[in-house]
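Comments concern the structure below.
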Amino acid sequence: MRMTDLISKKRDGGELSGEEINFMIQGYTQGEIPDYQMSAMCMAILFRGMNDREILDLTMSMMHSGDVMDLSAIDGVKADKHSTGGVGDKTSLVLCPMVAACGVKIAKMSGRGLGHTGGTLDKLESFPGLSISISDEQFVENVNRCGIAIIGQTADIVPADKLLYALRDVTGTVPSIPLIVSSIMSKKLASGADVIVLDVKCGSGAFMKTEDEAAELARGLTRVGRLAGRKCAAVITDMDQPLGNAVGNALEVKEAIAVLKGEEKGELLELCLRIGSLILTEGGLAESLEDAEKMLLQAIESGAALKKLSQMVEAQGGCADDVYDTSRLPEAPVKYALKAEESGYISRIDAEGVGLVSMHLGGGRATKESDIDLSVGVLLNKKLGDRVEVGETLAIIHAASEESAVNQAENLRACFTLSAEPVELPAFIKGIVR
Ligand code: URA
């Protein structure tokens, strides 16, 4: 078999066999197929597409390029959730304890933030003493004992994706549905969960800018999950503004805790109820979405969801009480109120822009190696559709110094667009794919 022939075949609209896909993925991972040939193949796939069978074969071949987690030592239904990436997205911190309190096992491997997007691992490290690197044995034991553990990747999961993603990033081949689906699903399948729910973001702060693109991606992801024998569903959600009010690691943890305490409602809770209901029904723990939602609300009202978070924090080396009293979590020394200079209705909050402000305050990484300040970020005081008068606070910048806050104030102001007329709010949950 020759890679040149496979490239020509795909370029001319042909269908690649499972054997051909395997040859290409394993050859590329082992360094036998050069970057220039793989780039040409990615471009051919981007233009010609792939059918369901090819996407499944590509996903499975990528999944088997490295270690595959064996979660069989964990009793019960194991669930995982994945978001295609957003700003202020602290969903996992709320959702995972909620569903764990309803009897689902959460054995989750999460990532760190890069650029304008945050990562669950960084947020979790806001709990003093908490470790995201525990042994595989400890991980399984914690999940069996507490029902929940969230850690960094230990095994060498999907090395093919690490190479391919870096290549796609510099060859204009990221926005291809077959390549995105195989990239995301190979990692999710290798992580071993029985139930996978995907949160596909759509809008200015997201990867998929339109609803149609997001729906196509959601259908592709769920199809592959089901063809691979997992229970799989997706929600399509708006990312035309940051999710919730907080952007920044410790700030987001505090907001997640407020939702788990029942003190904060709004879109973050709505999203967690929706994803949580899909997990409980797909996992067979609830008969209907309505029953599932009641169970999840009950987990908040009874304090069981918050207790799950505290058990997880303690099992991973932190202090259980920090969930109930957040005063030991990192707190920025400077709080700078950004005041409105005109009045009107908020018609846009550039999510990516707010994420970049948080990154420049020190809360995110410009490169994989950067250190971050867990205390800094932005707390939005106004959201899409809200009325604002001159002099009212739009947002509070949490910064390490007055200078750093002032440096970011105008960048943050530029993220807000005001209109003279009231604004019709877009639906937050745009669709569900089951
Ligand atoms: N996220 C991934 O993991 N892979 C992609 O290709 C796109 C988003």
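When you go through Thr222, Thr237 one by one, which is the residue that is within 30 Å of Gln37 (Cα to Cα), of a type in the set (Val, Ile, Thr), more than 10 Å from the ligand (Cβ to nearest atom) and touching a strand residue (DSSP E or B) at 6+ places or on another chain (Cβ under 6 Å)? Outline the logic, then answer.
Details: Thr237 fails: within 30 Å of Gln37 (Cα to Cα).
On inspection, the qualifying residue turns out to be Thr222.
Across the range 88-116, the number of residues qualifying as farther than 25 Å from Lys294 by Cβ, over 9 Å from the mean Cα position of the chain (by Cα) and within 16 Å of the ligand (Cβ to nearest atom) comes to 6.
Candidates Thr281, Thr222, Thr237: the one that is among the hydroxyl-bearing types (Ser, Thr, Tyr), over 27 Å from Ile132 (Cβ atoms), within 18 Å of the chain's Cα centre (by Cα) and crowded, with 19+ Cβ neighbours inside 10 Å is Thr222. Evaluation of Val143 against the conditions (1) open to solvent by less than 30 Å² (accessible area, probe 1.4 Å); (2) over 26 Å from Leu243 (Cα atoms); (3) within 16 Å of the ligand (Cβ to nearest atom) shows that the sole unmet condition is (3). Where residues in the range 333-344 are assigned to a strand (DSSP E or B) and within 29 Å of the chain's Cα centre (by Cα), which of them is farthest from Lys209 (Cα to Cα)? Ranking the qualifying residues of the range 333-344, first place goes to Val334. Looking only at residues in the range 250-268 that are open to solvent by less than 10 Å² (accessible area, probe 1.4 Å) and of a type outside the set (Asp, Glu), the one that is nearest to Phe428 (Cα to Cα) is Leu268.
Could you identify the single residue in Leu130, Leu71, Leu56 that is in a helix (DSSP H, G or I) and in contact (Cβ under 8 Å) with a residue 12 or more places away in the chain?
On inspection, the qualifying residue turns out to be Leu56.
Being farther than 28 Å from Gly431 by Cβ and touching a helix residue (DSSP H, G or I) at 6+ places or on another chain (Cβ under 9 Å) holds for only one residue in Ala206, Ala190, Ala160, and it is Ala160. For the range 148-163, the candidate set comprises residues that are of a type outside the set (Val, Ile, Thr) and outside any loop (DSSP other than H, G, I, E, B); within that set, the residue that is farthest from the ligand (Cβ to nearest atom) is Ala149. Selection of first residues in the range 350-367 that are more than 22 Å from Asp240 (Cβ to Cβ) and of second residues that are part of a helix (DSSP H, G or I) and open to solvent by 10 Å² or more (accessible area, probe 1.4 Å), restricted to Cβ pairs under 7 Å at least 6 apart or on distinct chains, gives the following pairs, ordered by first then second residue: Leu361/Ser404; Leu361/Gln408; Ala366/Met359.
When Val406, Val378, Val388 are screened for being surrounded by fewer than 16 Cβ atoms within 10 Å (Cβ to Cβ) and of a type in the set (A, V, I, L, M), only Val406 passes. When the range 349-376 is filtered for residues that are assigned to a loop (DSSP other than H, G, I, E, B) and among the β-branched types (Val, Ile, Thr), the ones remaining, listed by number, are Thr367, Ile372, Val376.
So which residues in the range 164-213 are more than 12 Å from the ligand (Cβ to nearest atom), in contact (Cβ under 8 Å) with a residue 24 or more places away in the chain and β-branched (Val, Ile, Thr), if there are any at all? Thr171, Val195, Ile196, Val197 - these are the residues of the range 164-213 that are more than 12 Å from the ligand (Cβ to nearest atom), in contact (Cβ under 8 Å) with a residue 24 or more places away in the chain and β-branched (Val, Ile, Thr). Could you run through the range 332-355 and say how many residues are in contact with a helix residue (DSSP H, G or I) (Cβ under 7 Å, 6 or more places away or on another chain) and open to solvent by 40 Å² or more (accessible area, probe 1.4 Å)? Selection size over the range 332-355: 1. If you filter the range 225-234 down to residues that are in contact with a helix residue (DSSP H, G or I) (Cβ under 7 Å, 6 or more places away or on another chain) and of a type in the set (Gly, Ala, Ser), you find that the one that is farthest from the ligand (Cβ to nearest atom) is Ala233. For Leu227, the criteria (1) in contact with a Gly (Cβ under 8 Å, 6 or more places away or on another chain); (2) open to solvent by 30 Å² or more (accessible area, probe 1.4 Å); (3) not hydroxyl-bearing (Ser, Thr, Tyr) hold in every case but one, which is (1). Here is a list: Ile157, Ile151, Ile134. Which entry is open to solvent by less than 40 Å² (accessible area, probe 1.4 Å), at pLDDT below 95 and farther than 30 Å from Pro330 by Cα? Just a single option satisfies the conditions, and that option is Ile157.
Sort out which residues of the range 109-131 are among the basic types (Lys, Arg) and open to solvent by less than 10 Å² (accessible area, probe 1.4 Å), and write them in order of number. Correct list: Lys123 only.
The values are calculated or read from the model by the stated rules, or taken from the named source; none is laboratory data. Please read these numbers as outputs of a predicted model, since none were measured by experiment. Methodologically, a virtual Cβ is constructed for each residue, glycine included, from the backbone with ideal geometry; neighbour enumeration extends over all protein chains shown. Heavy atoms of the whole protein, side chains included, go into the accessibility calculation; ligands, DNA and RNA do not. Shrake-Rupley method; radii C 1.70, N 1.55, O 1.52, S 1.80 Å.
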